[in-house]
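Heads up, the thing below is written out as structure tokens.
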Amino acid sequence: MTVLTSPRPVAKTGSARHGIAFWLIAAVFVVSLAFSTVPAPLYPLYQRQDGFSSFTVTIVFAVYAVGVIISLLLAGHVSDWAGRRRILLPALSLEIVAAVLFLAWPALPGLILARFLTGLGVGMITATATAYLLELHTAHRPAAGRTRFEIVSAAANLGGLGAGTLVAGALAQFAPAPLRTPYVVFLILLALSVVAVAAVPETVTAPAVRPAYRPQRIRVAGGDRIAYLVAAAGAFTAFAVFGLFTSLAPGFVAGSLHHPGRLLAGTTSFLVFAAGAATQSASGRLTPRQRFLTGLLAQAAGLLVVAAATQVTSLGLFLAGGALAGAGAGILFKSGVGVVAAAAAAHERGETLAGLFLIAYLGLVGPVLGLGIATRYVPATTALLWFTGFLLALLAGIAVLDRFRRS
């Protein structure tokens, strides 16, 4: 989930301080995104404790995505002139407040508010930390290419999302107070992240005259609108897969597949994000066309395996399908970002990518919310089969549209 804004960096020499700062910000990125997925393996526990339905879980999850969207539109671009640290510090503060809410108010209203605040923080952090990493990398290694930045930012992004589910699942399985301990651990890590951000150098020089504030505009890149539509639809389906495995999939594994282990719930989500992060890094040598086709086919194949697993109630098949679908989603999203970023002029890149992320986060909300509604009327296995069928049809439509564009 990488976003590149149009930075106004300070030109500095390659100092060791910037090298240390690069890794500190990468660690902060991992911690902040990991915190956003901590509730994923805990949802089955909340359901048993408070009688939540699967639909309620999707509402709690959707509120998070709405927070991210609002934050991206209102504050995702502000660090370009206000400075990276001035945005990261309040964003981390929002996540700290959310962690306190998870601990102090575990009832449904508290969960909804905490997830919304988490989304607001993540929306600010995603764009800002990515731009910060690029500028610190350039300041530390002025003559080097972007390979290190691309690998680290991709790993911090999807890898952080996966790490949150794995750590939370392990703590819930083996530590006392499973609905409290994960939040205590991440509250400490977030506090340390604030210290780290306060210690690193700023990379943006504030303009002499602060520009008038406006919300982030949405812009379509270049003149090839079909190419943008293909990229945006691919991002939509990729985030739909990520949304499934951080909302309802842990509950499905515990209920329909009869494997209620808390560590397993975290591992289920972790496999999807880890596969996405790994393939994003490994696909760097592929051409844009090869990357697009690989992501499309891998995600489709993974969804077919997931659909088969729901029918034969096989945990191993479900995990394998999730990992394959996550790998494809990671590549497909990276392909979409590359297409849009390359087509946009430098001064329009932030606005253009904001549009791509808006569509992607609609994919995070819409299909999963529809899946949650479906579970109120049909068995979870049937609803999940409908979900995979919808995404497979959308992937087929993307392939047809891309072929039409190239003919």
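The values are calculated or read from the model by the stated rules, or taken from the named source; none is laboratory data. Please read these numbers as outputs of a predicted model, since none were measured by experiment. Glycine also receives a Cβ, built like all others from the backbone with ideal geometry; neighbour counts cover every protein chain displayed. The accessibility values were calculated without ligands, DNA or RNA, using every heavy atom of the protein model including side chains. Shrake-Rupley method; radii C 1.70, N 1.55, O 1.52, S 1.80 Å.
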Filter region 151-184 down to residues that are more than 20 Å from residue 114 (Cα to Cα), open to solvent by 60 Å² or more (accessible area, probe 1.4 Å) and not in a helix (DSSP H, G or I), then give me how many there are.
1
If you go through 307, 325, 383, the only one that is modelled with pLDDT of 95 or more, in a helix (DSSP H, G or I) and more than 30 Å from residue 75 (Cα to Cα) is 325
Pull out all pairs, ordered by first then second residue, where Cβ-Cβ is under 9 Å, the residues are six or more apart or on different chains, the first lies in region 64-77 and is among the β-branched types (Val, Ile, Thr), and the second is modelled with pLDDT under 90 and surrounded by fewer than 24 Cβ atoms within 10 Å (Cβ to Cβ).
66/365; 69/358; 69/362; 69/365
When region 183-214 is examined, which residues are found to be closer than 21 Å to residue 133 by Cα and of a type in the set (Val, Ile, Thr)?
194, 195, 197, 200, 203, 204, 205
What is the number of the single condition among (1) modelled with pLDDT of 80 or more; (2) assigned to a helix (DSSP H, G or I); (3) among the charged types (D, E, K, R); (4) over 16 Å from residue 230 (Cα atoms) that residue 334 does not meet?
(4)
State whether the residues of region 125-133 include one that is open to solvent by 30 Å² or more (accessible area, probe 1.4 Å) and either over 18 Å from residue 247 (Cβ atoms) or charged (D, E, K, R) (or both).
no
Residues within region 381-395 that are over 24 Å from the mean Cα position of the chain (by Cα) and open to solvent by 40 Å² or more (accessible area, probe 1.4 Å), tallied
1
Any chance residue 230 is farther than 23 Å from residue 125 by Cα, at pLDDT 85 or above and touching a His at 6+ places or on another chain (Cβ under 7 Å):
no
Are any of the residues in region 142-150 open to solvent by 10 Å² or more (accessible area, probe 1.4 Å), part of a helix (DSSP H, G or I) and of a type in the set (Gly, Ala, Ser)?
no
